[in-house]
Amino acid sequence: MPLLVLSSLLVLAAGAAQGQTVDKKTLSFEAAARMAAAAEADARARGLTVVVVVVDDGGHVILLHRMNGAQVASVDVGIGKARTAAIFRRPSRVFEEQVKNGRVAALALPGATALIGGVPVTVGGQVVGAIGVSGDAPDIDEAIALAGAKALQ
């Protein structure tokens, strides 16, 4: 009888341990490099030089790519756009639109950069990171970021 109780406890403990963890997909450096290359190709096709930043799902930089001639200020802006899309799980466009529509409180959100050009990257419906582009007009930055994100599909 004690052996049956012990076995039951071990099964319950194993189940509890599994309930304490989750499986999640992560963005590899190789995937980030593919995305950055696709974004750069799109920018080159447009005759532009931009900064491309790929971050993980926590907003931490995996890859930062500053094309020759891209303005230095775009480095921090690109990081902010990518980080916003990753940690809020939505395009950074959402925050710029909120501000434009009068919700200036969006500017006070910790970690939010209210500028168009950051898009989340999903795999199997799960956000695994984001890509941010800075260096040109907002809609162009976003289009280049989307071209980079599509490299994973």
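The values are calculated or read from the model by the stated rules, or taken from the named source; none is laboratory data. Note that this is a predicted model, so its numbers are computed, not measured. Positions of Cβ are backbone-derived with ideal geometry, glycine not excepted, and every protein chain shown enters the neighbour counts.
When only residues in the range 19-39 that are surrounded by 10 or more Cβ atoms within 10 Å (Cβ to Cβ) and of a type in the set (S, T, N, Q) count, which is modelled with the highest pLDDT?
Going through the qualifying residues, I end up with 28.
Would you check which residues across the range 39-66 are more than 17 Å from residue 152 (Cβ to Cβ) and either of a type in the set (Gly, Ala, Ser) or in a helix (DSSP H, G or I) (or both) and list them?
43, 44, 45, 47, 58, 59
Can you pull out every residue in the range 74-102 that is on the phi < 0 side of the Ramachandran plot, in contact (Cβ under 8 Å) with a residue 12 or more places away in the chain, surrounded by fewer than 17 Cβ atoms within 10 Å (Cβ to Cβ) and assigned to a loop (DSSP other than H, G, I, E, B)?
Within the range 74-102, 90 is the sole residue that qualifies.
Residue by residue through the range 132-147, note down the ones that are of a type in the set (A, V, I, L, M), more than 11 Å from residue 38 (Cα to Cα) and either within 13 Å of the chain's Cα centre (by Cα) or assigned to a loop (DSSP other than H, G, I, E, B) (or both).
133, 137
Do any residues in the range 21-36 that are without any contact (Cβ under 8 Å) to a residue 60 or more places away in the chain and closer than 15 Å to residue 82 by Cα have Cβ atoms under 8 Å from those of residues that are assigned to a helix (DSSP H, G or I) and of a type outside the set (Val, Ile, Thr), where the two are at least six apart or on different chains, and which pairs are they?
none
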